[in-house]
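Student: Quick one: the structure is below, questions incoming.
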Amino acid sequence: MKWNLRLAAAQRGIWKASELQRMLAERGLNISAGKMSGLWSGHPASIKLDDLDVICAVLGCEVADVLIPEPDKVTRPAAEQMPQQAAAGATIMVAPRRRDGRSLPPA
């Protein structure tokens, strides 16, 4: 996903992060200067869905205006490549693994 807050704000005449921060605070969303900097610069560490709702309400936009999908950046899992090997007659052995990282008892 590409974060597009700055462009979405600019399209609505908001050119400064501090202006958007003030508008968000008027709607009850108080964002620290550090978090606002991350949101404005295009590299937010995280964002709550409730906060995203307030941002969209203040900007009068949809989530799709702020978040742009980038499906080409997603790598294909190895499982999608394995059927080609299986079709060639190779036998695939699957060993169970525990999710907590511990080893299984000996067989």
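The values are calculated or read from the model by the stated rules, or taken from the named source; none is laboratory data. Everything numeric in this text was worked out from a predicted model, so none of it was measured. In this analysis, Cβ positions are derived from the backbone assuming ideal geometry, glycine residues included, and neighbour counts consider all displayed protein chains.
Student: Specify the residue that is surrounded by the most Cβ atoms within 10 Å (Cβ to Cβ); the eligible residues are those in the range 20-37 that are part of a helix (DSSP H, G or I) and either of a type in the set (S, T, N, Q) or modelled with pLDDT of 95 or more (or both).
Tutor: Taking the range 20-37 as the starting set, the residues that turn out to be part of a helix (DSSP H, G or I) are 20-26, 33-37.
Subset that is either of a type in the set (S, T, N, Q) or modelled with pLDDT of 95 or more (or both): 20-26, 37.
Values: 20: 23, 21: 20, 22: 10, 23: 17, 24: 20, 25: 12, 26: 9, 37: 14.
Per the criteria, the residue is 20.
Student: Could you check the range 38-47 and list, in sequence order, the residues that are touching a residue at least 12 places away in the same chain (Cβ under 8 Å), outside any helix (DSSP H, G or I), surrounded by 12 or more Cβ atoms within 10 Å (Cβ to Cβ) and not small (Gly, Ala, Ser)?
Tutor: Listed by number, the list holds a single entry, 44.
Student: Answer with yes or no whether residue 96 is assigned to a loop (DSSP other than H, G, I, E, B) and either at pLDDT below 95 or surrounded by 10 or more Cβ atoms within 10 Å (Cβ to Cβ) (or both).
Tutor: On the way: assigned to a loop (DSSP other than H, G, I, E, B): yes; either at pLDDT below 95 or surrounded by 10 or more Cβ atoms within 10 Å (Cβ to Cβ) (or both): yes.
Yes; evaluated as a whole, the condition is true for this residue.
Student: List, please: which pairs have Cβ atoms under 7 Å, are six or more places apart or on different chains, and start with a residue in the range 1-15 that is over 13 Å from residue 63 (Cα atoms) and end with one that is of a type in the set (Phe, Trp, Tyr) and surrounded by 17 or more Cβ atoms within 10 Å (Cβ to Cβ)?
Tutor: The qualifying pairs are 6/40.
Student: I need the full set of residues from the range 48-79 which are of a type in the set (Gly, Ala, Ser) and part of a helix (DSSP H, G or I), in order please.
Tutor: Applying the first criterion (of a type in the set (Gly, Ala, Ser)) to the range 48-79 yields 57, 60, 64, 78-79.
Across the range 48-79, the qualifying residues are 57, 64, 78, 79.
Student: Ok, one more. How about the range 1-19: which of its residues are among the small types (Gly, Ala, Ser) and either loosely packed, with under 13 Cβ neighbours inside 10 Å or outside any helix (DSSP H, G or I) (or both)?
Tutor: Within the range 1-19, the first condition is being among the small types (Gly, Ala, Ser), and the residues that meet it are 8-10, 13, 17-18.
Once the filter is applied, which keeps residues that are among the small types (Gly, Ala, Ser) and either loosely packed, with under 13 Cβ neighbours inside 10 Å or outside any helix (DSSP H, G or I) (or both), the range 1-19 yields 10, 13, 18.
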